[in-house]
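Below you'll find the structure, written out as structure tokens, and then a few comments.
The values are calculated or read from the model by the stated rules, or taken from the named source; none is laboratory data. Remember, predicted model here, so these are calculated numbers, not experimental data. Glycine also receives a Cβ, built like all others from the backbone with ideal geometry; neighbour counts cover every protein chain displayed. Surface areas here come from the heavy atoms of the whole protein model, side chains and all, with no ligands, DNA or RNA. Shrake-Rupley method; radii C 1.70, N 1.55, O 1.52, S 1.80 Å.
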Amino acid sequence: MSVIENDLDEDVYIGLKLPLDHNRDGFFNRTKTSVEQSKYNIKNLLLTKKGERLGNPQFGSDLINVLFEQEEDVESKIEESIRSSVSQFLPFVSIVKLDINFSENTKNLVGIELHFSLNTDSTNVEKLTIDTKSYSNN
């Protein structure tokens with residue numbers, strides 16, 4: 001079955017929603033489309049520090065480390081971290097637009113708005129918002 005056929009089939013699940021939780025239909029909430037699963041995959045990739053994942057220490061991004069660097073031009077380093085991680089681990093995702101917004105109170109809290117499409121349908125652009133505040137509370 002192709003990706004598009006899987007997305008249209010109501011009986012096919014693509015992956016798991018994060019954070020892992022249970023619902024009335026089973027132990028884990030599941031995703032039904034490749035776009036929905038890609039949102040969880042991107043967020044998981046970007047908020048995982050390199051070296052944090054057992055068995056695959058290269059998985060993740062340097063996004064969180066970049067936020068705490070005492071250097072100029074942090075915005076371009078954030079963009080480079082996101083683009084290089086996505087191209088390495090999610091090559092089927094194309095980043096269309098990337099907006100980075102720093103908190104007025106502290107530069108370590110960043111809101112990222114990522115517009116992306118999948119290689120299977122480049123006309124469908126989706127938006128994903130990542131707030132590093134939720135990561136810093138963990």
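Things to note:
- Among beta bridges from DSSP that stay inside region 37-138, the antiparallel ones total about 95%.
- Surface calculation, 1.4 Å probe, protein heavy atoms: I100 sits at approximately 20 Å² accessible.
- E52/E75 FRET efficiency (R0 25 Å; Cβ-Cβ; nearest 0.05): 0.60
- Accessible surface ranking that places the most exposed of R24, R53 first, with a 1.4 angstrom probe: R24, R53
- With the cut-off at under 18 Å, measuring from each backbone N in region 23-45 to a point 7 Å along the Cα-to-Cβ line of D131 picks out 40, 43-44.
- Chymotrypsin sites (Phe, Trp or Tyr not before Pro) restricted to region 16-80 and DSSP loop, no more than 16 other C-beta within 10 Å: F27, F28, F68
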